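One structure is given below, encoded as structure tokens.
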Amino acid sequence: MSIWGLILNASFVVQLVMLTLLLASVFSWIVIFQRKRVLGRAKKVRRNFEDQFWSGIDLSNLYRQLTVDGRKVEGMENIFAAGIKEFTRLRQSGAVEADAIIEGVDRAMRVALYREEERLDQHLPFLATVGSISPYIGLFGTVWGIMHAFIGLSEVQQATLATVAPGIAEALIATAIGLAAAIPAVVAYNRFSTTADSLASSYENFANEFSSVLYRKVHVREGN
């Protein structure tokens, strides 16, 4: 008896359950590494951008730096770019009131904010699904394997531990694979969802602060 031998000699249904769980585990690890890279990049972009924004740099110069040579803006940069672009467009039109300018800027930043939140939450539902259903899929394989083992016992005259052990062991492997797929997915989902929520909250706070900055800027000019 070996684990590999038990897998090879398992019934077709149990093997199908094991294969399903194995594929779910592989794809969840792909998602885990991909989400780790994306969220890590988002935190780095936020940190660098906040240092630039609050350094007192001119907003137009900051926008040009972010978009130089067709550079792709992302994360908090994207919210800033959407806001300053709409702000500049509405101010140049000349016939738009100050409050209408700020409303337009808020709408533009809100759209960019929603897109960034979707990007942060991408594939997280898959991890939640793997973490929630994998143990049940593995349990189904276990129940089926044990049932198959006891059906086999009915065909022998004397039931011994040697005859029942392989069937039960192969069934329990399905549960073990289900837990092996579920535990990393649940841990990763909890960690990534917390990080995504934190980033989304910081994006929303920045959008509100940036809107206040532009509000003061447009009203100071209007007062002059």
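The values are calculated or read from the model by the stated rules, or taken from the named source; none is laboratory data. Small disclaimer: the values here were computed from a predicted structure and weren't measured. Ideal geometry is used to build each Cβ from the backbone, glycine not excepted, and the neighbour counts take in all protein chains shown.
How many residues are of a type outside the set (Lys, Arg), under 19 Å from the mean Cα position of the chain (by Cα) and assigned to a helix (DSSP H, G or I) when one looks only at region 105-137? Going through region 105-137 one residue at a time, the tally reaches 19. Candidates in region 89-99 are the residues that are exposed (fewer than 15 other Cβ atoms within 10 Å of the Cβ) and part of a helix (DSSP H, G or I); of these, the one that is modelled with the highest pLDDT is 89.
Take residue 122 and tell me if it is over 30 Å from residue 100 (Cβ atoms) and either among the small types (Gly, Ala, Ser) or modelled with pLDDT of 90 or more (or both). If you could, list the steps in order and put the result at the bottom.
Working: over 30 Å from residue 100 (Cβ atoms): yes; either among the small types (Gly, Ala, Ser) or modelled with pLDDT of 90 or more (or both): yes.
Yes.
Would you call residue 27 surrounded by 11 or more Cβ atoms within 10 Å (Cβ to Cβ), touching a residue at least 12 places away in the same chain (Cβ under 8 Å) and under 18 Å from residue 207 (Cα atoms)? For residue 27, the condition - surrounded by 11 or more Cβ atoms within 10 Å (Cβ to Cβ), touching a residue at least 12 places away in the same chain (Cβ under 8 Å) and under 18 Å from residue 207 (Cα atoms) - is not met.
The number of residues in region 117-157 being farther than 19 Å from residue 10 by Cβ and surrounded by 21 or more Cβ atoms within 10 Å (Cβ to Cβ) comes to 4. Residues that are surrounded by 13 or more Cβ atoms within 10 Å (Cβ to Cβ), free of Cβ contacts under 8 Å to residues at least 60 places away in the same chain and in a helix (DSSP H, G or I) within region 66-81 comprise 66, 77, 78, 81, listed in sequence order. In this structure, is residue 102 surrounded by 13 or more Cβ atoms within 10 Å (Cβ to Cβ), β-branched (Val, Ile, Thr), over 35 Å from the mean Cα position of the chain (by Cα) and in a helix (DSSP H, G or I)? Judged against the criteria, residue 102 is not a match.
Suppose we filter region 37-56 for residues that are farther than 27 Å from residue 124 by Cα and surrounded by 12 or more Cβ atoms within 10 Å (Cβ to Cβ); how many remain? Summing the residues that are farther than 27 Å from residue 124 by Cα and surrounded by 12 or more Cβ atoms within 10 Å (Cβ to Cβ) in region 37-56 gives 2. Quick check: anything in region 7-15 exposed (fewer than 12 other Cβ atoms within 10 Å of the Cβ) and either at pLDDT 85 or above or part of a helix (DSSP H, G or I) (or both)? Yes: region 7-15 contains one or more residues that are exposed (fewer than 12 other Cβ atoms within 10 Å of the Cβ) and either at pLDDT 85 or above or part of a helix (DSSP H, G or I) (or both).
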